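Values quoted throughout were computed directly from the atomic coordinates according to the rules given, and no laboratory measurement underlies them. It should be emphasised that the depicted structure is a prediction, and the values quoted were computed from it without experimental measurement. Heads up, the Cβs are rebuilt from the backbone with ideal geometry, glycines too, and the neighbour counts pull from every protein chain shown.
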Amino acid sequence: MALPWGGAAPLVLWLIVIGTDAIFGGLPGLRAVLDAPLAAVGGIGRWLDRRLNRPRRSEASRRIRGLIVTLVVAVPAWFAGMGLVDLARDLPYGWLIEAAVVLCLLGQRRPIDGVRRVAAALAAGDLDRARTALAPLVRFDTATLDSYGVARGAVEACAGRLAEGLVGGALWYAVLGLPGLCTFRAVNALARVIGRPSPRQAAFGFAARRLDDALTLIPALIAGALFVLAALFTASANPLRALRTWLADVRARAGAAAGRAEGAVAGALGLSLGGPRPYDDGPLPGSWIGEGRARTAVTDIRRAVLLASVMALLFATLIAAALAARLV
């Protein structure tokens, strides 16, 4: 059975899912179910990394193997999305199946809740628990981070995870439907596992990392603009500084990393994000984003959560406005 809203169906469905996720997405049992598909992709990526990414192999060999792994994940994800579309079309009330899949692949409430858990652990003085809570949200190792590094990572996660899971998911769902959403989120999950720029994974994860960068570029630009707009409605944020820092960061990181939303968040909150990244096979240098404080604290995480929540609300409002314009 086709979705019952005609050409406006993707917008209606996305609004339903955003609302459902905002209300129920934080429930522990439901959260585990919703995390399962992307967790499975991550598990496959880790298994293939152990099997195929051997240090004794040449860089070219590891790049080719990494490309094959990326295709092994992305192509089935596309066809799985197509199969789910056919299933939803043929069954009565099949649109509920599509809504459930979109809910599993949406990244809105769960990243924000994860960042809140980091803040709660830091506030309780439990650095080890904070590191553990941060680990699923970032692409670098957290075991050696001090409290400032953990807090910076949590603030960055507010920007990066919403750019990917909320804005990116909406864009590719609107453009390519469920197959596009499934492929984008599968590549995103794979890149989080094998796409680190560390010496061990630089070659093997090259294809996954570059494809993820390409698919996330436009969503990240949109997310950065939305964070600047959200700063207008957040008492503790500075919208002019957010705009200035975001634009400077976009220019400075031209190429694969261009358009990330961290610059807008750093400027809005008066922080410096980024910097050197720790990995299991050694730290890598990294540029700083913003000209504010690098000593990020629990209060800054809470400010970032508020900014991210306002951003998500603004994004939902824009979708609702687009839907209203479509139906008029």
Scattering profile of the stretch 1-143 at q = 0.22 Å⁻¹ [log10 I(q)/I(0), Debye over alpha-carbon scatterers]:
-1.30
With no solvent and one equal point scatterer per Cα, compute the Debye intensity ratio I(q)/I(0) for the stretch 133-230 at 0.15, 0.16, 0.25 Å⁻¹ and report its log10, rounded to two decimals.
-0.65, -0.73, -1.29
Running a GNM on the chain with Cα contacts under 10 Å, which residue among Thr299, Thr132, Thr245 ends up with the highest mean-square fluctuation?
Thr299
Note down the Stokes-Einstein diffusion coefficient of the stretch 6-327 in µm²/s, whole number, using a Kirkwood radius over alpha carbon pairs, 10 °C, and 1.306 mPa s.
79
Please sort by residue number the chymotrypsin sites (Phe, Trp or Tyr not before Pro) in the stretch 1-105 whose DSSP state is loop and whose Cβ has at most 11 other Cβ atoms within 10 Å.
Tyr93
